[in-house]
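Report on the structure given below.
The values are calculated or read from the model by the stated rules, or taken from the named source; none is laboratory data. Predicted model, so just to flag it, every value in this text is computed and none were measured. Cβ coordinates were reconstructed from backbone atoms using ideal geometry, including for glycine residues, and neighbour counts include every protein chain displayed.
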Amino acid sequence: MSGLDPESAKQEAAAAALELVRPGMRLGLGTGSTAAHFIALLGKKVAQGLDVLGVPTSERSRAQAEALGIPLATLDDAPGLDMTIDGADEFDPQLRLIKGGGGALLREKIVAAASQRMIVVADSSKAVARLGKFPLPVEVSTFGLEATRRLIGREAAAVGCRGSIDLRKTSEGRAFVSDSGNYIVDCAFGLIPAPEDLATRLNAIPGVVEHGLFLGFATAVIMGGPKGIEIYGSLS
Ligand code: 5RP
């Protein structure tokens, strides 16, 4: 069973998620290191003859899945998906999530919304009593960045969230640009007292393309950790 190291825990969670896959399923393929474990395992099953169709949530996941020979489609070809398997930066007891650490939150949310089920795969470090230790990623239009940043600060403060709102940079120091051509700002608010209220306010800002609060999306979390696999929510 699971070792203590996060990488083994992520792999165990991915392996447990693979058991939910049935022939003929249309699957959303998440982004990040845990989702990459799932895609790698799925690729092996496809090589053994499993028939599935994948819709990747990022160019990174597309490249990985393509290299493994997983048949792929877009949401235009397959607008309704059976299940999405994706990671998360945090999840709380109500299965509310913070996502976007890997910069793919917009496509991840679009794909999750098109799926009957969203199964989150994670190691135990992602479980929190309350969301917000992980800085909340918010995808914003490149046009009007500073004005949007100011509005995010104002609207967040109105629901008790204060902290730095930093433009995400690449390791070379350039502004990070998402697969959809937008910037991401990381909001270090600390604990978020009312995620739904914050989400409503962020959604109302024109320059906000999407935010990393996934509320009401995850149907289950498969968590790998020192106690082995733990399931939250319903897998069916
Ligand atoms: C990418 C995400 C990832 O799912 C999240 O960052 C978790 O990544 P990892 O599995 O590498 O810990 O939201 O945008």
* Structure fact -> Reported set for the range 187-205 where residues are buried (at least 20 other Cβ atoms within 10 Å of the Cβ) and within 17 Å of Gly102 (Cα to Cα) is Cys187
* Could you name every one of the strands (runs of 3 or more DSSP E) located completely within the range 126-236 that has at least 3 residues being touching a residue at least 24 places away in the same chain (Cβ under 8 Å) and out of contact with any Asp or Glu (no Cβ under 6 Å at 6 or more places or on another chain)? => 136-140, 183-187, 220-225, 228-233
* Has the range 122-140 got any residue that is touching a helix residue (DSSP H, G or I) at 6+ places or on another chain (Cβ under 8 Å), closer than 24 Å to Thr170 by Cβ, more than 13 Å from the ligand (Cβ to nearest atom) and not assigned by TED's automatic domain parsing to the domain that holds Glu19? -> yes
* To do: Output the number of residues of the range 206-236 satisfying the condition of being more than 16 Å from the ligand (Cβ to nearest atom), surrounded by fewer than 20 Cβ atoms within 10 Å (Cβ to Cβ) and more than 24 Å from Gln11 (Cβ to Cβ).
  => 2
